[in-house]
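Trainee: Before I ask anything, here is the structure I am working with.
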Amino acid sequence: MKTLAWQQFFNEQRDLHGKAVFSVAELANAARTTPHVVNTELGRLMSRRIITRYAQGRYGLAKGVEPEQLVQSLDPDAYITGFYALFRRHLVTQVPTEITCFTNRRHNRTFGRAVSPWKLKFIRVPSDIFSRPAESVIVQAEQAFCDFVHLMIRDSVDPSHLVTFRNLDRLNRRRLRTTLQRYSDPVAKTVNRIIQSSH
């Protein structure tokens, strides 16, 4: 396929199907050629900065790939939570540089992967904490809050010293109480303290 045809393919897949990252096998199938031939074409497209290699054997357009699309491609069971999810739900003022993803599997992406402009960090969590949302790759505000506090306590950091919380009055209290049942007492106490101090 020529460069223009590849660009059209990636744009159409993103716009029509919401798919932005592809394996070499998928791209070889789309080009009706072998993986060896398509690898050569991918190298050419990368040198022209049209596509990016997001992970081993995973390629997509250099621009326009959202973190949600990338996470789904790298680990279909993973979901985005913590600091980045709090930012997306307008509960913190700072802009994160790392995207925390909880997963229920072990893989070689546990310690993070730099994907400009983000760094994805996959963390395997216990089954009582792992709770992938059905409707989105990014968790709701209440779960993001609890997950963030859980991670901070695990690392012996006071969450309120790291970020400035806002809009905590918008949290659904019933959903928050239900979510907190999956976490340890220190997480629940810290969450309640932060909410009380925000009034």
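All of the numbers you see were taken from the coordinates with simple rules; none came from a lab. Computed from a predicted model, the values in this text were never measured in an experiment. Ideal geometry is used to build each Cβ from the backbone, glycine not excepted, and the neighbour counts take in all protein chains shown.
Trainee: What is the spin-label model distance, in nm, from ARG49 to ARG106 if the labels are put 7 Å beyond Cα along the C-beta direction?
Mentor: Taking the two extended label points, one gets 4.1 nm.
Trainee: Taking the mean number of other Cβ atoms within 10 Å as a proxy for protection, how do you rank 1-8, 65-72 from highest to lowest? Don't skip to the answer; put the middle values down first.
Mentor: Working: 1-8: 13.0, 65-72: 19.1.
So the peptides 1-8, 65-72, ranked by packing, come out 65-72, 1-8.
Trainee: Label points 7 Å out from Cα along the Cβ direction at SER184 and SER23: separation in nm?
Mentor: 3.8
Trainee: Note the full-extension length gain between LYS119 and ARG166 as 0.36 nm times their separation in residues minus their Cα-Cα distance, in nm to one decimal.
Mentor: That works out to 14.5 nm of additional length.
Trainee: Near LYS119, which aspartates and glutamates are there with a Cα under 14 Å away, not counting those fewer than 8 places off in the same chain?
Mentor: The qualifying aspartates and glutamates are GLU66, GLU68, GLU98.
Trainee: Ratio of Rg to Rh for segment 144-199, alpha carbon only, Kirkwood? Let's see the in-between values first.
Mentor: On the way: Rg = 10.5 Å, Rh = 11.4 Å.
Result: Rg/Rh = 0.92.
Trainee: Moving on to the next point. Mean separation of Cα pairs under 8 Å and 6+ residues apart, divided by the residue count of the chain: what relative contact order is that in percent?
Mentor: Values: 261 pairs, mean separation 31.5, N = 199.
It rounds to 16 percent for the chain.
Trainee: Considering only DSSP beta bridges where both residues belong to the chain, give the percentage that are antiparallel (nearest 5).
Mentor: 65
Trainee: Whole angstrom only: what separates the Cα centroid of segment 183-199 from the Cα centroid of segment 69-101?
Mentor: Using only Cα atoms to place each centre, the spacing works out to 21 Å.
Trainee: Something else now. Just from its helices, what would the mean residue ellipticity at 222 nm be for the chain, if runs of 4 or more DSSP H residues each count -39500 (n - 2.57) and the sum is divided by every residue, rounded to the nearest 500 deg cm²/dmol?
Mentor: Counting only the DSSP helices, I get -13500 deg cm²/dmol.
Trainee: Still on this model: Using only the alpha-carbon atoms, how far is helix 141-154 inclined from the longest principal axis of the chain? Give it as 0 to 90 degrees, nearest 10.
Mentor: 80
Trainee: To continue, here is another question. Rounded if a/c is under 1.5, else prolate if a/b is larger than b/c, else oblate: which is the chain, with a ≥ b ≥ c the root eigenvalues of its Cα gyration tensor?
Mentor: Prolate is the answer for the chain, as a/c is 1.5 or above and a/b outweighs b/c.
Trainee: Sticking with this one: How far, in degrees from 0 to 90, does helix 35-47 lean away from the longest principal axis of the Cα atoms of the chain, to the nearest 10?
Mentor: 70
Trainee: A 24 angstrom limit on the alpha carbon distance is what I want to check against. Which of LYS2/LYS121; LYS19/LYS121; LYS121/LYS189; LYS19/LYS63 exceed it?
Mentor: Listed pairs above 24 Å: LYS2/LYS121; LYS121/LYS189.
Trainee: Separate question: What is the calculated FRET efficiency for GLN7 to ARG132, with r their C-beta to C-beta distance and R₀ = 30 Å, to the nearest 0.05?
Mentor: On the way: r = 33 Å, r/R0 = 1.09.
Efficiency computed from Cβ-Cβ geometry: 0.35.
Trainee: Over all alpha-carbon pairs in segment 39-95, figure out the percentage whose distance exceeds 15 Å.
Mentor: Pairs farther apart than 15 Å: 59 percent.
Trainee: Looking at the square roots a ≥ b ≥ c of the eigenvalues of the Cα gyration tensor of segment 3-65, which shape do they give, rounded for a/c under 1.5, prolate if a/b is larger than b/c, or oblate?
Mentor: Because its axes are fairly even, with a/c under 1.5, segment 3-65 counts as rounded.
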